[in-house]
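Notes to accompany the following structure.
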Amino acid sequence: MPPAPEPHLEKITPGNVEVACDLRVRPDQEHLVEPVARSLAEAYAWPDVAWPRLIYDGDEPVGFLMGFFRIPWREDSPGDLRSGLWRLNIAAGRQGRGYGCFAVRAVAEEAARRGEQRIYTTWEPGDDGPERFYLRLGFQPTGELSGGQTVGALDLSAPDTGNR
């Protein structure tokens, strides 16, 4: 029997944009992450820094991620350019199968390819949020908040990045 296909990323195209926009997280998670359509609108507004991708398992779409690369992080410090994971939406019913870890690893690899030493992400605080997931992958809170969300950083030089 041939091995199961590995998850892979695909660019958002006219042929899959509707599939991307139809992707939904569990109803109890909707307050934690923006819908894909909003992410794609932001990608359109930030074309030089946004990196939107669909996550497929074989030919089945299972998630969406959007990386960001060298975005001005703070208005009062224009030289503070950061890269990382902007959005992560794993489809309801497809969670807990490693797709989120795959997504973080993909963004980390792309950031490293671009010469970055660390990546950042943000998450909604609270017991129902994704903090445990990000901490398990090695993200460390920076002590900052962004839009009321916790900011975490992942050192790309650490062994085992994204594989925990």
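The values are calculated or read from the model by the stated rules, or taken from the named source; none is laboratory data. Keep in mind that what you see is a predicted model, and the values were worked out from it rather than measured. Note that each Cβ is placed from the backbone with ideal geometry, even for glycine, and that neighbours are counted across all protein chains shown. Protein only, heavy atoms only, side chains kept; ligands, DNA and RNA dropped before computing areas. Shrake-Rupley method; radii C 1.70, N 1.55, O 1.52, S 1.80 Å.
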Of everything in the stretch 1-44 that's open to solvent by 70 Å² or more (accessible area, probe 1.4 Å) and among the aliphatic types (A, V, I, L, M), which residue is nearest to residue 96 (Cα to Cα)?
-> 4
Filter result for the condition that a residue is more than 19 Å from residue 138 (Cβ to Cβ) and modelled with pLDDT of 95 or more, over 115, 100 = 115
Taking the options 128, 160, 155, name whichever one is open to solvent by 50 Å² or more (accessible area, probe 1.4 Å), modelled with pLDDT of 95 or more and of a type outside the set (Lys, Arg).
-> 155
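Please work out if residue 70 is open to solvent by 10 Å² or more (accessible area, probe 1.4 Å) and either modelled with pLDDT under 95 or in a strand (DSSP E or B) (or both). Write out each step before concluding.
On the way: open to solvent by 10 Å² or more (accessible area, probe 1.4 Å): yes; either modelled with pLDDT under 95 or in a strand (DSSP E or B) (or both): yes.
Judged against the criteria, residue 70 is a match.
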Within the stretch 97-116, can one find any residue that is crowded, with 18+ Cβ neighbours inside 10 Å and either free of Cβ contacts under 8 Å to residues at least 40 places away in the same chain or of a type in the set (Ser, Thr, Tyr) (or both)?
-> yes
